[in-house]
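Remarks on the structure that follows.
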Amino acid sequence: MNELAENLNARIQKSNPYIFELLSDLGKRLYYPKGILSQSAEASTKATRYNATIGIATVNNSPMHYKHIHETLKGYSPEEVYPYAPPAGKEELREEWKKKLLRENPSLKTKSIGLPIVTNALTHGLSILADLFVNENDTIILPDKYWGNYASIFHIRRGGSLITFDLFDQYENVNVVGFREQLLKQKKSGKAIVLLNFPNNPTGYTPDEVEIGGIISALLEAAEAGINIVLILDDAYFGLFYENSIKESLFGRVAGLHSRILPIKVDGATKESYVWGLRVGFITYASHDKEVLEALEQKTKGIIRGTISSSSQLSQTIVLNSLKSNEYEEEKRLKYELMKKRAERVKEIVSQDKYQEVWTHYPFNSGYFMCLKIDKVNTEILRNYLLEKYGIGTIAINQTDLRIAFSCVDEDDLEELFEFIYIGIKELLEMS
């Protein structure tokens with residue numbers, strides 16, 4: 001094993017041996033090399049005469065570029081667009097995102113967290129964490145209603161076992177009992193990766209204060225029973241909390257909860273700022289131990305350096321300028337109000353009496369989505385029927401659950417959308 005990796009491992013072991021035990025075999029081998037990038041970083045502050053380190057081309061100390069490209073990027077200097085960004089991201093952007101986390105998550109104010117690390121959006125962030133913490137056959141505990149790409153990231157790529165619990169109990173509350181049972185089953189192995197996504201994709205649900213209290217109690221009980229826990233919080237749709245839910249991330253509530261629990265927040269500008277194609281996400285670690293935070297950052301940078309090298313400089317510049325702009329908060333509020341109105345309208349529509357004969361819906365109070373539960377027809381058959389006959393696109397999650405993204409349907413069109421779904425179900429029933 002490389003000496004730098006051994007040094008990082010020793011720092012983690014000394015500060016918190018439970019966190020070291022959570023690392024995968026790959027995670028233990030990872031380190032950030034003292035190579036070209038670190039030498040270039042040093043030269044950027046000390047090479048006052050000539051800096052012949054970075055593999056870019058310059059003219060008169062400015063990045064070389066095509067005029068016809070830069071004409072489409074008016075308002076940005078070449079330095080904001082063309083050079084490589086650091087592997088962990090632009091320092092100012094990381095600092096601004098941390099300020100945002102502290103501002104929007106009051107529970108974080110007294111907690112110790114690292115500086116957010118920039119990723120190529122959330123899928124990349126989740127993939128990094130899978131590499132860092134998941135060995136073959138490790139258990140990943142998550143709700144039965146989950147984003148399908150988790151299987152690719154944690155099971156197919158890393159060989160982890162996805163173990164689910166029913167998201168909702170018979171009373172349509174978060175199934176804290178089922179979550180606790182799955183957690184405590186990991187006592188023999190002594191390790192669990194917990195993956196929670198609120199607002200949830202596909203249901204659009206975020207727990208309320210009572211449910212969050214139950215989740216935290218289960219995590220604490222498992223930790224006190226000797227189970228080391230990586231708690232990954234996929235906060236892709238953070239901030240879109242419409243009614244009857246907590247208004248901050250679970251991250252702030254669990255940061256510093258127990259030395260056996262490593263909370264990690266994965267979020268980004270993609271959904272929060274409606275800039276999906278810019279691919280700017282973040283990983284943020286929480287730990288009382290500064291040594292642990294620094295070592296995990298170095299290992300994370302090692303993965304980034306060995307895969308994508310760094311995320312887009314231009315995308316980071318755009319997001320940074322947005323966060324610092326005077327218009328950011330007001331435009332964010334307006335988009336939130338628009339999304340909230342759509343969610344409220346959807347709830348009115350799907351609850352109409354005539355629809356109750358063909359569907360029920362899972363609780364939803366946040367995010368981009370809601371889910372219909374359809375028992376009388378197979379949702380994959382329904383999905384194809386709606387697509388082919390009526391040009392209506394939906395997502396079949398399984399045989400009974402149909403996901404509707406109201407985020408991409410104007411409010412005036414929502415009633416017609418659900419009417420077509422109703423008609424499709426009725427026609428399929430008549431044909432059966």
(message) Give me the extension gain from Glu172 to Leu429: residue separation times 0.36 nm, minus the current Cα-Cα distance, reported in nm with one decimal.
(response) 89.8 nm
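Taking a 1.4 Å probe, which of Lys191, Lys98, Lys46 shows the most accessible area, and what order do the others take after it?
Lys46, Lys98, Lys191
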(message) Report the Rg/Rh value for region 328-431, based on alpha-carbon coordinates and the Kirkwood definition of Rh.
(response) 1.00
(request) Go ahead and run the numbers for FRET between Glu136 and Leu184, Cβ-Cβ distance against an R0 of 22 Å, rounding to 0.05. (result) 0.45
(message) Compute the distance from the alpha-carbon center of region 88-166 to that of region 194-258, in whole Å.
(response) 13 Å
(message) Counting only protein heavy atoms and a 1.4 Å probe, tell me what percentage of region 328-431's accessible area is made up of carbon and sulfur.
(response) 49 percent
(message) Show me, bin by bin at 20 Å from 0, the whole-percent P(r) of the chain based on Cα pairs.
(response) 24, 52, 22, 2, 0
(request) Return the Rg/Rh value of region 1-158, two decimal places, where both radii are evaluated on C-alpha atoms and Rh is the Kirkwood radius. (result) 1.03
(request) Can you work out the PRE-style zone for Glu221? Point 7 Å along Cα to Cβ, and I want the residues of region 227-254 with backbone N under 19 Å. (result) 227-231, 254
(message) Restricting to DSSP H runs of at least four residues, report the calculated mean residue ellipticity at 222 nm for the chain, -39500 (n - 2.57) per run over all residues, nearest 500 deg cm²/dmol.
(response) -12500 deg cm²/dmol
(request) Compute the acute angle (0 to 90°) between the alpha-carbon long axis of helix 91-104 and the principal axis of greatest extent of the alpha-carbon atoms of the chain; round to the nearest 10°. (result) 40 degrees
(request) Report, to the nearest whole %, how much of the accessible area of region 259-319 belongs to carbon and sulfur atoms, 1.4 Å probe, protein only. (result) 51 percent
(message) So if I take the centroid of the Cα atoms in region 361-432 and the same for region 285-324, what is the distance between those two points in Å?
(response) 39 Å
(message) Per residue of region 196-201, what does 6.51 cos²θ - 1.76 cosθ + 1.60 with θ = phi - 60° give for ³J(HN,Hα)? Whole Hz please, x for Gly and Pro, Karplus curve as stated.
(response) 10, 9, 10, x, 7, 10
(message) Once R0 is set to 56 Å, what does the formula 1/(1 + (r/R0)^6) return for the Cβ-Cβ distance between Tyr274 and Gln399, expressed as a FRET efficiency to the nearest 0.05?
(response) 0.95
(request) Pop a pseudo-label 7 angstrom from the Cα along the beta-carbon direction at both Asp208 and Glu104 and give the gap in nm to one decimal. (result) 2.4 nm
(request) Set the Förster radius R0 to 35 Å, insert the Cβ-Cβ distance between Thr58 and Glu330 as r into 1/(1 + (r/R0)^6), and round the FRET efficiency to 0.05. (result) 0.35
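The values are calculated or read from the model by the stated rules, or taken from the named source; none is laboratory data. Just so you know, these numbers come straight off a predicted model, no measurement behind them. FYI the Cβ positions are ideal-geometry reconstructions off the backbone, even for glycines, and counts take in every protein chain you see. Each accessible area value is taken on the protein alone, full model and side chains, heavy atoms only, with ligands, DNA and RNA left out. Shrake-Rupley method; radii C 1.70, N 1.55, O 1.52, S 1.80 Å.
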